[in-house]
1. Just to be sure, is residue 185 surrounded by 15 or more Cβ atoms within 10 Å (Cβ to Cβ), within 16 Å of the ligand (Cβ to nearest atom), part of a helix (DSSP H, G or I) and within 17 Å of the chain's Cα centre (by Cα)?
2. Give me a count of the residues in region 69-106 that are outside any helix (DSSP H, G or I), buried (at least 24 other Cβ atoms within 10 Å of the Cβ) and in contact (Cβ under 8 Å) with a residue 60 or more places away in the chain.
3. Could you list, in sequence order, all residues of region 188-215 that are surrounded by 12 or more Cβ atoms within 10 Å (Cβ to Cβ), more than 16 Å from the ligand (Cβ to nearest atom) and without any contact (Cβ under 8 Å) to a residue 40 or more places away in the chain?
4. Could you check residue 154 against (1) at pLDDT below 95; (2) part of a loop (DSSP other than H, G, I, E, B); (3) under 26 Å from residue 75 (Cβ atoms) and say which number it fails?
5. When you check residue 3 against the structure, is it surrounded by fewer than 19 Cβ atoms within 10 Å (Cβ to Cβ), part of a loop (DSSP other than H, G, I, E, B) and within 16 Å of the ligand (Cβ to nearest atom), yes or no?
6. So which of 133, 139 ends up being on the phi > 0 side of the Ramachandran plot and loosely packed, with under 14 Cβ neighbours inside 10 Å?
7. Go over the candidates 24, 46 one by one and state the one that is within 20 Å of the chain's Cα centre (by Cα), at pLDDT 95 or above, buried (at least 20 other Cβ atoms within 10 Å of the Cβ) and in a loop (DSSP other than H, G, I, E, B).
8. Filter region 113-151 for residues that are outside any loop (DSSP other than H, G, I, E, B) and without any contact (Cβ under 8 Å) to a residue 40 or more places away in the chain and give the result.
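The values are calculated or read from the model by the stated rules, or taken from the named source; none is laboratory data. Everything numeric here is computed off the predicted structure, so don't read it as measured data. Ideal geometry is used to build each Cβ from the backbone, glycine not excepted, and the neighbour counts take in all protein chains shown.
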Ligand SMILES: [Zn+2]
């Protein structure tokens, strides 16, 4: 038996628990009579995570569900293996279901040909759809489901008391989850999701990567300002809504104005 290292009442995070970096944050919500997991990470860490849960004296059969915060490979590559080993249900937002059930290598961000990245993906049947406004009960604990698209269309967050499990929306250094058209990033939605987090009353954010941190306005505002700028810049290509320089240039071209005249 090993000691449970609770970050907050009812909340264990498996990297902190293992005392080493496993990958994505894997939150165990301990409801007393049962528990659930938020994300599971890569397939090669699944066995270690399950062994840790067993050593913490949780009954593996009491795993109510594993939730995919979204369909990116670093969060869910191990989902099928964990589902089979724990004999539990898996849950995701409806917009994550297709990439997960089809193991779509592009939409799960498992395959980036130009960089030689090609992670094997295993299709997994999603048992439960989680929508905005749903409540998940696990033992004595309740989680409110937030749909927070932007990083990906199916990104979920969860509010539990004064804690917000904020997924890939925002990290402690104001960085955000990767913006890339291939897995469905949308800058306008992203800014809306960040604004919602900014306006919330939660005290702490529990992100999917890196440390847990207090929900400070300046951290979130910095990301909102940056992404609002990206919407009108060429940097993120098809994710941008417009590029004012193109309109300026086109007006010059049509009017016959040359750049140095
Ligand atoms: Zn991620």
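1. Details: surrounded by 15 or more Cβ atoms within 10 Å (Cβ to Cβ): yes; within 16 Å of the ligand (Cβ to nearest atom): yes; part of a helix (DSSP H, G or I): no; within 17 Å of the chain's Cα centre (by Cα): yes.
So residue 185 does not fit the description; no.
2. Here is the first cut: in region 69-106, the residues outside any helix (DSSP H, G or I) are 69-72, 77-78, 87-93, 103-106.
Subsequent filtering for residues that are buried (at least 24 other Cβ atoms within 10 Å of the Cβ) retains 69-72, 77-78, 92-93.
From the residues that got through so far, the ones that are in contact (Cβ under 8 Å) with a residue 60 or more places away in the chain too are 69-72, 92-93.
The number of residues fulfilling the criteria is 6.
3. Once the filter is applied, which keeps residues that are surrounded by 12 or more Cβ atoms within 10 Å (Cβ to Cβ), more than 16 Å from the ligand (Cβ to nearest atom) and without any contact (Cβ under 8 Å) to a residue 40 or more places away in the chain, region 188-215 yields 195, 198.
4. Unmet condition: (1).
5. Details: surrounded by fewer than 19 Cβ atoms within 10 Å (Cβ to Cβ): yes; part of a loop (DSSP other than H, G, I, E, B): yes; within 16 Å of the ligand (Cβ to nearest atom): no.
When the stated conditions are applied, residue 3 does not pass them.
6. Details: 139 fails: loosely packed, with under 14 Cβ neighbours inside 10 Å.
Being on the phi > 0 side of the Ramachandran plot and loosely packed, with under 14 Cβ neighbours inside 10 Å holds for just one of 133, 139, which is 133.
7. Values: 46 fails: in a loop (DSSP other than H, G, I, E, B).
Exactly one of 24, 46 is within 20 Å of the chain's Cα centre (by Cα), at pLDDT 95 or above, buried (at least 20 other Cβ atoms within 10 Å of the Cβ) and in a loop (DSSP other than H, G, I, E, B), namely 24.
8. We begin by selecting, within region 113-151, every residue outside any loop (DSSP other than H, G, I, E, B); these are 113-115, 117-118, 128-129, 135-138, 141-147.
Listed by number, the residues that qualify are 113, 114, 115, 117, 118, 129, 135, 142, 144, 145.
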